[in-house]
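Derivation of every value follows stated rules applied to the coordinates shown; laboratory data play no part. Being a predicted model, the structure only gives us computed values, none of them experimental. Reconstructed Cβ throughout: ideal geometry from the backbone, glycine too, with neighbour counts over all protein chains shown.
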Amino acid sequence: MSAKKLSTVTCHVISSYGNTANNVIHAYRAGGERVVKLLDKRWNGAMRQSRSQLAGGVAKNATLVQQAMHKYSLKGLTLTSGGAQSVVKQVVKMADAGVTTLSAGASRIEDKTGAHVFSTMAHAVLPGALVLDNLASQIEQKSADLASRIAGDNVVVKVAKRATAATRKPRMTPRKAPTATAAA
């Protein structure tokens, strides 16, 4: 087993949770679209059976209202699922940046103090994090399978591959010390 850093494993878990959330959102959208299609089918069948009993204007107005409801239902599904995906993307991005920043800060503290408390704790926690990463990957795969089944034959949800670590280099800009005039 290659030596993995706790921050890398944590970023993988966060990414996996994000992919799982996106899979659930895909399932929500596909399921909602299937419900709308089912309702359309039922509506059209009911209209075929009762059209002879309705006045021409009533049948036309009912069809126009049904078409408007169909349009707004699909638009609502698209807007809510798109908004949810944007939120998930931002949360994953912010959590990843937070883990990376925290890891870099802990490394700097250890370098300055010479005490390696954080790396010792990270080394002790790493086996549990690896188990959690494996579990999160399995949940991600199952959610992708579920989303594909809900979507039917029309859409296939792919599980994102995480070949590289999702970490970034920490900023190394020196921070200025507050001046005496700024403190006053």
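Can you grab the distance from the C-alpha centre of the range 42-76 to the C-alpha centre of the range 126-145, Å, no decimals?
The range 42-76 and the range 126-145 have Cα centres separated by 47 Å.
Which order do the peptides 77-89, 21-33, 44-56 take when ranked by the mean count of other beta-carbon atoms within 10 Å per residue, highest first?
21-33, 77-89, 44-56
Please compute the contact order of the range 16-151 in relative form: average sequence separation of alpha-carbon pairs under 8 Å and at least six residues apart, divided by the residue count, as a percent.
Computed value for the range 16-151: 61 percent relative contact order.
Below 13 angstrom from the Cβ of G83, what's the summed charge of the other residues (Lys, Arg +1; Asp, Glu -1)?
Once positives and negatives cancel, what remains is +3.
Pop the C-beta distance of K93 and M47 into the FRET formula with R0 = 35 Å and round what comes out to the nearest 0.05.
0.15
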